[in-house]
Amino acid sequence: MRGYLYVSGGVVGGTVYREHAPRLWTTLVLTVYVLGVGAMFVDSAPDDYGAVLFLSGLFLVMPVALLLIAPFLKFLGNRIRLTDQALKVGRNVVPVERLAVETAEVDRGPQTPERIGSRTPLNRNPNTPFGYTPVVLYTRNGDPVAIDSRKPDKLVRALHSLAPRWR
């Protein structure tokens, strides 16, 4: 079923918030690649089309693939999906009933080692990646948990929208 998060074969709930893969960078890289290959075909003679095809394939494998793989892998480790029953960050799934969702707030302060060490990152990476902002919330036991998000304000609003259900 689309819009549902599955954990161990069971439906955990409808999606409340989800961060999608970055599309702007992918579109920009592929546009530059297509324009470059098009310019190579326009400027080459018909006898050179084999060499142009070889070079376009080489450029696709080397720089274009490298420029697309690194951001996508960063996204996979930090992807966020929040349902009314579970919060999934990367590979980690935490039931919402274990979180004090009303305590969620954006941490815009400087990321000093003391602040980073005082909370548990859900994505297993203690450092906040470039372009991400940490959102800090507490478990029902009082332990601080950090979630790195590209849209932290939307994530906080989504977490707060679940607060009346889980008090």
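Laboratory data are not the source of any read-out in this text; all were calculated from the coordinates shown. Keep in mind the model is a prediction, meaning the values are calculated, not measured. All Cβ positions, glycine included, derive from the backbone under ideal geometry; neighbour counts span all protein chains shown.
Arranged from highest to lowest average of other beta-carbon atoms within 10 Å per residue, in what order do the peptides 16-22, 139-145 appear?
With the highest mean Cβ count within 10 Å placed first, the list reads 16-22, 139-145.
Would you calculate the separation in nanometres between label points at Lys154 and Arg140, each defined as 7 Å from the Cα along the Cα-to-beta-carbon direction?
Between Lys154 and Arg140, the label points sit 2.9 nm apart.
Kindly state, to the nearest 0.05, the FRET efficiency for Ser161 paired with Trp25, given R0 = 30 Å and r defined as their beta-carbon distance.
Calculated value: 0.50.
Based on the Cβ-Cβ distance of Leu35 and Arg79, what FRET efficiency does E = 1/(1 + (r/R0)^6) give at R0 = 35 Å, to the nearest 0.05?
So the FRET efficiency works out to roughly 0.70.
Return the Rg/Rh ratio of segment 24-77 with Cα-based radii and a Kirkwood Rh.
Reported Rg/Rh, Kirkwood definition of Rh: 1.10.
What distance in nm separates the two pseudo spin-label positions at Val52 and Arg108, each 7 Å out from Cα along the beta-carbon direction?
5.1 nm
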